[in-house]
1. Under a 5 Å amide H to amide H cut-off, with H placed in plane at 1.01 Å, what residues pair with residue 251 once short-range neighbours are removed?
2. Taking H as built 1.01 Å from N, whose amide H comes closer than 5 Å to the amide H of residue 34, not counting residues under 5 places away?
3. In sequence order, what are the phi-derived ³J(HN,Hα) couplings for segment 199-214 according to the Karplus relation 6.51 cos²θ - 1.76 cosθ + 1.60 with θ = phi - 60°, rounded to whole Hz, with x for glycine and proline?
4. From the phi of every residue in segment 298-307, what ³J(HN,Hα) in whole Hz does the Karplus formula 6.51 cos²θ - 1.76 cosθ + 1.60 yield, where θ is phi - 60° and glycine or proline is x?
5. Where the centroid of each part is defined by its Cα atoms, how far is segment 141-155 from segment 189-219 in Å?
6. Just to confirm my numbers, what's the Cα centroid distance between segment 61-76 and segment 87-120 in Å?
7. Of the cross-linked pairs 184/308; 106/300; 106/161; 66/180; 184/300; 100/180, which ones have a Cα-Cα span greater than 28 Å in the structure shown?
8. Amide H to amide H, which residues 5 or more places from residue 89 or on other chains are under 5 Å from it, using H placed in the peptide plane?
Amino acid sequence: MTHSTRKLIDSLEWMYLAVWLIVWIFSGNTVYASDWPQLQHNAAHTGYTTDQPNPPYRYLWHRDLKEPMATASQVIVAEGRLFVGTNYGNLFALDRNTGKTRWTYKTSGPILGSAAYHNGIVYVNSMDHSCHAVSAATGDELWQFHTVEGLWAAPVLADGKVFIGGRDGFVYALDDRTGKQLWKSPIGGLVMSTPAYADGRLYVAAGDMHLYCYDGLTGEQVWTSSKMPGAAIREYWLVAADGAIILTTQLVFACHTTQQLIQNAVLNPYNQAHKNDPVLRDHETFSSLVRWFETHPHHKTLLVLDAKTGREKFFTPVITVNGGSCIGPPPAVSPDGWAYTIYANIWLRASGWAFFGRVNLQTGHMEPLITDRYAPKLQYPNEWHWQPRINSTFGRTSTWDGGFSVIDQSWGVSLGGDIAFPVRDPGWPGDPPFNNYYIISARQDRYLLEDRRSQRKNMGKLNLGTIGGGAMHNTCSPVAVSDDQLFHKTSRSIIFAYEGSGQHDGNASSKEHHGTPDRRKAR
């Protein structure tokens, strides 16, 4: 082939692509730079994307599906649409800019996990015992794969495969185009937490409280962990990042019992010793908390394992925030190996104090990101007061003056470039979710919509009735981040959409913390 012929072919290929894009746009579709295609963005469930919607943010729309949705499932975003399943067995495709229904696909059982998208196909597991593959464009069924029991956990997509953790004692790998079974391997119990995949390996938690590692190509079992502490590993997902596997487990004892033990053994002595200090610093309790958990390992709820061996890598002094005695989701992880999470400290009561921080997955070092905020509790005996430090400008514009509580609401975290997006579902009817943001490099935090008071006032105008808040203070679904938009599914039946003021511009501070994000147009 001559050089001139090759140039002609290249020109025709680019012309064809340009025509295709024009047809796509003017046919009512929108081209997006990136999607949120599966649970916590990717097969490893890191909850990180280079897309960085910048403040200020505005409310875009909300949609009440009028069907209950599994509390910990998450919307996914692809092809200009949101995909979300309901407890009534319906998979909805919604327009991302309006929330209007594009199509609905019906399964024969509740959908308890997130959907997943790849190459024009949406995959969803149902309690009707099947994994369903559906056309993202039309909602038409492409294939089904049947198992013996209903499927709780979300499908995981990687390397041309659909990985499924079953409730029938098996793990499956399917061809993502045909649904043909590629391998099937036994596991020690039902799977109720979504597996994670990284570097050719699939990590799965089973009902026997062990983690199992499989070769993603062959299904051969690589290792089995020791028994994890806790009563169950369910509802959420594993995270595979930076050579570590992260998971949360449900408490053996009631949350009040466990946190009372920690309060009496560690935090009350600290509070008493520092009752006259201007502020309390939660990191000063970390070493005492590590020692306490070393002698009470059955109370651990956040575990970090070595991805190569399945052994515990280190223990970090995180007291996991929980809702209705249900432990919250695992952290979100940035590419530089920091795991971002909400944790409890200082005052463990129903409306006590929670904090935001990050854990280094190589060293186990815990770094608080919300510091010098609270005066000693003993100076303010009323449990319902969050007191700022004396003479502080900290107040109604900040995220943390009343948005955090410890026992009765759990939190989820997503990362968009240099910005973390923590969210919780309040349990009060009609109250909007508490969507917040934290600029990591600048150490600045705010409510997504101005401040706490304005957020309640402005969202109250939407007349949400009993649908805005969460459900019994229980589990939480993190925000999905795509281009300059944010999408949050509450634990009842409503989805909120917000929009930032534009995409990240690749500034130096974000490069330092997270690598160089993509420089591109949002739409």
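Just so you know, all these numbers are worked out from the coordinates, no wet-lab data involved. All values derive from a computational prediction rather than experimental measurement.
1. Correct list: 231, 327.
2. 483
3. Couplings: 6, x, 10, 10, 10, 10, 9, 10, x, 7, 6, 10, 9, 10, 10, 10 Hz.
4. Those phi angles translate into 6, 9, 5, 10, 10, 10, 10, 10, 6, 5 Hz.
5. 17
6. Spelled out, the Cα-based centre of one part sits 10 Å from the other.
7. Numbers: 184/308 22 Å; 106/300 40 Å; 106/161 23 Å; 66/180 35 Å; 184/300 32 Å; 100/180 34 Å.
In this structure, 106/300; 66/180; 184/300; 100/180 exceed 28 Å between Cα atoms.
8. 111
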